[in-house]
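Worksheet: the structure to be examined is printed underneath.
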Amino acid sequence: MSIWKDTSIKYQDLIDLPEERLLMLVNGMSRQDVIDWLSWNDRNGIYRDEQSLKELGNIMSKEEGIEILLRQIEENRIT
């Protein structure tokens, strides 16, 4: 199951969500959902397992991915 395929939420919608709704949504995401969003938002980043293993020697945990996702959203919000 993918949050992106199973709901009407689009990748870009996350940036505009209120903080409380964003945290609820992100905490309900699968690790793959987090990777999909990060890969969409930062095309030059290394998030997918195969590339991460090859270049960094490890894979990103869901928790690490959520931290990065929330940081990227905060950086993209218009203040």
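Out of Asn27, Asn41, which single residue is surrounded by 12 or more Cβ atoms within 10 Å (Cβ to Cβ) and not charged (D, E, K, R)?
Result of the check over Asn27, Asn41: Asn41.
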Item to check | Among residues of the range 31-79, those that are touching a residue at least 24 places away in the same chain (Cβ under 8 Å) and under 17 Å from Lys10 (Cβ atoms), counted | outcome: 15
Next on the checklist: Among the listed residues Arg21, Arg31, identify the single one that is among the basic types (Lys, Arg), under 18 Å from Ile73 (Cβ atoms) and at pLDDT below 95.
Outcome noted: Arg21
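The values are calculated or read from the model by the stated rules, or taken from the named source; none is laboratory data. Since this is a predicted model, take the numbers as computed values, not measurements. Cβ sites come from the backbone with ideal geometry, for glycine too, and all protein chains shown count toward neighbours.
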